[in-house]
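Here, each number is a calculation from the coordinates, and none is a lab measurement. What you are looking at is a predicted structure, and each value in this text was computed from that prediction instead of being measured. Using ideal geometry, Cβ is built from the backbone for each residue, glycine included, and neighbour counts are taken over all protein chains shown.
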Amino acid sequence: MAHAQGQQHPLGVYIKVWAWLFVLSTFSYLVDFFHVQGYLRWTLILILMMMKAGLIVAVFMHIKWERMALSFAILIPPVLLLVLIGIMTIESDYTFLTRGVFFGSGS
């Protein structure tokens, strides 16, 4: 009887990804260890977080081996949501500053 055989990925790929996740997590820990503050801290943490999420999605969720159309269908909506959140953040800052100018300082 013939058995259906799925695609097998080498174990080395997973070990390399685990090692990269360990390194990126170490860098994330070092940001707090060295007391990095302000926008630099949050920028580094978010970049490291996105890199770790990308590795997890690409390898452990097998997006790396999927068809391009399916990969785009899964990855494009979250990217667009992040862009829209960024636009809303910029607009909210503008609205807040405009209200301060229009209504005065309130003192």
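Counting residues in the chain as N, plug N into 2.2 N^0.38 Å and put the Cα Rg over that result. Before the final figure, lay out the partial values.
Details: Rg = 21.4 Å, N = 107, 2.2 N^0.38 = 13.0 Å.
That ratio works out to 1.65.
On full extension, the segment bounded by residue 14 and residue 89 gains 23.3 nm, given 0.36 nm per residue less the C-alpha separation. Projecting the Cα atoms of 18, 39, 75 onto the dipole axis of the chain, where Lys and Arg carry +1 and Asp and Glu carry -1 at the beta carbon, places 18 farthest toward the positive end. The sum of -39500 (n - 2.57) across all DSSP H runs of n ≥ 4, divided by the residue count of the chain, sets its helix-only mean residue ellipticity at 222 nm to -25000 deg cm²/dmol.
In terms of its Cα atoms, segment 10-65 spans 40, 17, 9 Å along the principal axes, sorted from long to short. GNM, the chain, Cα, under 10 Å: largest mean-square fluctuation among 96, 34, 60? Highest fluctuation among the options: 96.
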